[in-house]
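Reviewing the structure listed below.
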Amino acid sequence: QMEGLLAERRELLRRLEEVDAKLAAAEGVSRELASNEHRLEENMRHVSEELSQWLSTEGQKHEALCEEQRALAMASEVARAVEAEADGRFSAVTVAIRDCEELSGISAVLGAACVQADLRRFLVLRAAAAEAE
C-alpha cells in the first residue's frame, strides 16, 4: 500500500508540475497582455493628443483663412467704391472739358459782341462830344 501511495504521490507531483508550468505560462501571458494593454492605452493617449493638436491647428488655419477672405472681400468693396468714384470723376471731367470747348467758341463770340458794343458806345460818345462843341 505504501508503494501505491508513493506512486500516487509521484503522479500527483507530476501533475502539480504540469499545473505549475501551465500556471506560469498563463501568468506570462497575463503579464504580456497587461503590458500590451498598457502600451495600447499609451498609444491611444498619444494619438488622441496628436489628433487634438492637429484639429486645433487646422481650426486656427481655418480661422486665418476666413479672416483673409473677409479682408479680401472688404478690399474688393473698397476697390469697387474707388472705381465708381473714379468713373464719376472721369465723367465730370469729360463733361467739363466738353463745356470748356463749347464755351471757348462762345467766349470768342461774346468777346466780339462786347468789342462791338464798346465801339458803338465810343462812336456815340464821340458824336455827342462833337455836337457839344
_Accessible surface ranking that places the most exposed of Lys61, Lys22 first, with a 1.4 angstrom probe_ = Lys22, Lys61
_Per residue solvent-accessible surface (Å²) - the stretch 39-133, probe of 1.4 Å_ = 89 Å²
*Can you figure out the FRET efficiency of Leu110 with Asp87, using R₀ = 25 Å and their beta-carbon distance, to the nearest 0.05?*
0.15
_Cα long-axis angle, helix 2-132 against the chain (0 to 90 degrees, to the nearest 10)_ = 0 degrees
*Summing -39500 (n - 2.57) over the DSSP H runs of n ≥ 4 in the chain and dividing by its residue number, what mean residue ellipticity at 222 nm do you reach, to the nearest 500 deg cm²/dmol?*
-38000 deg cm²/dmol
*Would you list the P(r) distribution for the chain, with all Cα-Cα distances sorted into 5 Å bins from 0 and each bin expressed as a whole %?*
2, 7, 5, 5, 4, 5, 4, 4, 4, 4, 4, 3, 4, 3, 3, 3, 3, 3, 3, 3, 3, 2, 2, 2, 2, 2, 2, 2, 1, 1, 1, 1, 1, 1, 1, 0, 0, 0, 0
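The values are calculated or read from the model by the stated rules, or taken from the named source; none is laboratory data. Predicted model only: the values in this text are computed from it and were never measured. Neighbour counts are summed over all protein chains in view; Cβ atoms, including those assigned to glycine, are modelled from backbone coordinates with ideal geometry. Surface areas here come from the heavy atoms of the whole protein model, side chains and all, with no ligands, DNA or RNA. Shrake-Rupley method; radii C 1.70, N 1.55, O 1.52, S 1.80 Å.
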